[in-house]
Amino acid sequence: MHYPWWYVPHLTSPMLIAFIATIHVLVSHYAVGGGLFLAVEVGHAHRRGDRDYLAYLKQHAWFFILITVVFGAITGVGIWWTIGLASPLATEVLIRIFVFGWAMEYVFFLIEIAAAFLFFYYWDRVRPGTHTLFGWVYAIAAWISLVLITGITGFMLNSGYLRGAQPADIGFWQAFFNPQFIPQVLARTGGSLLLASMYVFFHASIWVKSPELKEKIGKRSARPALLGAILILVGGVGWFINLPEYSIITLQKAPALNIFMALLFAVTVAVFVMLYLGPYRNPAWMTPGFGILFLLFGFAAVTTGEFVREAARKPFIVHNVVLSNQVLAAELPQMQVRGLLESGPWSRALVQARHPEAVDDRGKVLDSTLAALPAEDRIALGAVVFQQACNDCHAIEQGLSAMSHLVIGWPDERVHDVARRPERYQHFMPPFPGTDEEARLLAEWMISIRPDPPGDMWFGDEPRTVAAPAGEEE
Amino acid sequence: METINPQDLIATTSAFPLPAAPWFLLLFKVIGFTLHAVPMGLMFAGILIALLMHTAGGEHARRWSTRMLRQMPIIVAFGINLGIVPLLFTQVAYSRVFYPATILMANQWIMIIALLIFAYYGVYLMAIGLKGGRERLTGKRMLAGWVSALLFISIGLIFASAMRMMADVGSWPQHWANTEFAGAVTGMAVNHGDPAVIARWLMVFGLSIMTVAAWIVFDAGFLGQRESEQYRLWARGFAMRLFVIGAVWFAATGSWYTFGTWSPAIRGEMFGFPLIPLTLVTALSPALVFALLVIRPGAVTKSTAMIVIHAQVVVVALNAVSRQVKQSLELAPFMRVSDEAVKWQVSPLLIFLVLFVAGVGFIGYLVKRAASEAREIEAA
């Protein structure tokens, strides 16, 4: 409520974060795992004097730079852009707690870039030991970046934040070493190793012609992938154990998440089986078709996992700190007394300008003045309340979890009650951040967009028009 | 909505304290911006100038152009990543104006990401055309370069718009009224018609031309030591001419920006005591670089290269400081960073500072080691 709300029709603005973050994750994990792969393998190839393998690794390093340094870096910046636009309050909170964590990450980014370019552009121009060192510098810096960002994303899922603690009490280290930190570092490190191997299989399956070299690449990159698979399993179990109770219930309760969890499990198992049977046991399977399919399965596993991870966080953006509708949990009770429209500077200014009759002599928006507004104005303000309190997750009439679709067939009383106490109907909904009168405005607006139930459903004829079975006539 | 007092749109101070005192945050914002502005200047004006020289220049001009365009993927990588720190500290210190301003113009602000992806891949497409000792770009590679140059220039315009929107709180109610939907912001606000945006954008372009000129000297004297004496002689002469063009451009557009778009109150502050020395030094600082180029005649040497590039960094830093002071003055009626509570995060801050210094030193060590080993191996 502190900031203006960005309305993106049909999609809702937070979905842009999900879109960019998912794309970024597919590349950023490769940036970490691929760096480790290149460092280990270049060292191995230099020790053995394996010119063919080195030539392949150079080719792969170029592919790696084009994917990670360009696309990975820009989509990473893209996440910054979108969270600031679609989730400004949560971004403000995170940045005030973790600014020096991000600043440290920036230093490691610079080291990564320098090492990556030195590694590639000084190929064959420095001693093998120095060349391998560049690879390791990149790999370690990239992994530390992963560790630093995981401390922040882990805090969002389970802050370990104590009920009643004041915002000023949240210290950097307490927040960083949250209950999700170690499990997520393990899982993400594993995911990086696994995904990097998939990129390697994909790349090698298309560009490597020599069967011997293909076999070597398949065998050698399958090992870190298997290690990655183990880390994902261990980290995944730790992730689940350290979820807040409400997240576990959410995962079990929401039908869409049930499907995604099943999908995640199935795709992950398929990836493990393909990894074992393919590159590890039968490197000759490394055809372009297999390489592409394997990578796509990896993408499916990662994106599904990210979706589940994000969804489990509702009704929070930052666990126990920021609610999904841009409200500080600590400020919620005050807003329920003071009012949503009065609490936000933009909503208050809007009411003062557009509905001056709704404000008192001191310029305050009061329940009593709202109650006296004509029906048309009440519906207009209900739309404003919807934007501020609900549009994070709900489109209006068409699109993502559209409100009009949700209320089809609901009687007015139910609409009013859900608007007032959404958390009682779904525990992953945030409480309504306004007064009773504002909830009524929202409900009236919801009723105004409620469509009639679809007319093309038939449940048998109306009981009164059906002839009673023979022998049962009155 | 036109009747809304802009002050009413500013959020109250955050419940979450600043992790360091405002002076520290603003200091790092300025340092970060300075570090970002050097490669940014090369992206902003350098690609364009290099492509012009590639098309219409003589032998040495084409040689420089080839060198510059080959370096561009690395310059862009550092330019983008060095942009993280100023953005980070801007968001910490100025969240109350940065977020509303960028949300008002969200659609073009987010478009930067898409433009940047195309621009960066365009740079690679172009630079790949110069691999393996090739000196001339083919038509398609050249086209990729032109597209990238235009995209970077467009991105510069959007940045100028966003920074102007951030400081121009008075315009928010009108932008909001023009683009709102049920009180929400549609992100369609556009302020490209604001002379301050255009003047600022062009002024930064002038500064960027001067940075390109300084880079030519740095490249010839430091990175291009294997180039011929004639080339390094040409480099100095060309850099001087280009620097003069940049300085004239900077002076003209800077004057427009200062005397044509600043409010009398801001101008009064910036040209009154105690700020007038800063304003004048900022305006006149390009003369320092020019003087260095004049007093060090002949082919560019390593020492000339180092002195000139450092002097240009000072010019950029002075602009960053003045820019910060002006921004603080413009925002003062609406918000002050010093209004926020502060709770120092001492240990993370110290770790960051140590890492920052050690990291820069370590990168220097890696580069030096690579260069010296490469020389040894080639000599052997």
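The values are calculated or read from the model by the stated rules, or taken from the named source; none is laboratory data. Since the model is a prediction, treat every value here as computed from it, not as a measurement. Ideal geometry is used to build each Cβ from the backbone, glycine not excepted, and the neighbour counts take in all protein chains shown. Accessible surface is based on the protein model in full, side chains and every heavy atom, while ligands, DNA and RNA are left aside. Shrake-Rupley method; radii C 1.70, N 1.55, O 1.52, S 1.80 Å.
Of the residues making up the range B:62-109, those that are among the polar types (S, T, N, Q) and within 14 Å of A:Thr91 (Cα to Cα) are B:Thr90, B:Gln91, B:Ser95, B:Thr102.
Selection of the range A:57-79 for residues being more than 13 Å from A:Tyr30 (Cβ to Cβ), at the interface with another protein chain (Cβ under 7 Å from one of its Cβ atoms) and not β-branched (Val, Ile, Thr) yields only A:Gly78. Taking the criterion of being assigned to a helix (DSSP H, G or I) and over 11 Å from A:Ser404 (Cβ atoms), the residues of the range A:429-452 that qualify are A:Asp436, A:Glu437, A:Glu438, A:Ala439, A:Arg440, A:Leu441, A:Leu442, A:Ala443, A:Glu444.
Has the range A:249-263 got any residue that is open to solvent by 60 Å² or more (accessible area, probe 1.4 Å) and touching a Ser or Thr at 6+ places or on another chain (Cβ under 7 Å)? Yes, some residue in the range A:249-263 is open to solvent by 60 Å² or more (accessible area, probe 1.4 Å) and touching a Ser or Thr at 6+ places or on another chain (Cβ under 7 Å). Determine, yes or no, whether B:Met210 is over 30 Å from B:Leu293 (Cβ atoms) and out of contact with any Leu (no Cβ under 6 Å at 6 or more places or on another chain). The answer is no for B:Met210.
Taking the numbered list (1) part of a helix (DSSP H, G or I); (2) in contact (Cβ under 8 Å) with a residue 60 or more places away in the chain in turn, B:His36 passes all entries but (2). If you go through the range B:6-20 and keep only what is part of a loop (DSSP other than H, G, I, E, B) and either farther than 15 Å from B:Val92 by Cβ or more than 7 Å from chain A (Cβ to nearest Cβ) (or both), you end up with B:Ile10, B:Thr12, B:Thr13, B:Ala20. Can you name the residue in the range B:341-357 that is more than 8 Å from chain A (Cβ to nearest Cβ) and surrounded by 13 or more Cβ atoms within 10 Å (Cβ to Cβ) and, of all such residues, is farthest from B:Ala93 (Cα to Cα)? The extreme case among them is B:Leu353. Quick test for you: out of B:Ala189, B:Ala177, B:Ala214, pick the one residue that is part of a helix (DSSP H, G or I) and buried (at least 24 other Cβ atoms within 10 Å of the Cβ). From the options B:Ala189, B:Ala177, B:Ala214, the qualifying one is B:Ala214. Looking at A:Gly154, is it within 12 Å of chain B (Cβ to nearest Cβ) and crowded, with 21+ Cβ neighbours inside 10 Å? Spelling it out, it is not the case that A:Gly154 is within 12 Å of chain B (Cβ to nearest Cβ) and crowded, with 21+ Cβ neighbours inside 10 Å. Across the range A:106-135, the qualifying residues are those that are small (Gly, Ala, Ser) and either closer than 23 Å to B:Ala379 by Cβ or more than 7 Å from chain B (Cβ to nearest Cβ) (or both), and the one among them that is most open to solvent (accessible area, probe 1.4 Å) is A:Gly129. Filtering the range A:395-406 to residues that are open to solvent by less than 20 Å² (accessible area, probe 1.4 Å) and out of contact with any Pro (no Cβ under 6 Å at 6 or more places or on another chain) leaves A:Ala395, A:Ala402, A:Met403.
Within the range A:77-85, is even one residue in a helix (DSSP H, G or I), in contact with a strand residue (DSSP E or B) (Cβ under 7 Å, 6 or more places away or on another chain) and closer than 27 Å to A:Gly344 by Cα?
yes
Of all the residues in the range A:426-447, those that are open to solvent by 60 Å² or more (accessible area, probe 1.4 Å) and either at pLDDT 95 or above or among the acidic types (Asp, Glu) (or both) number 2.
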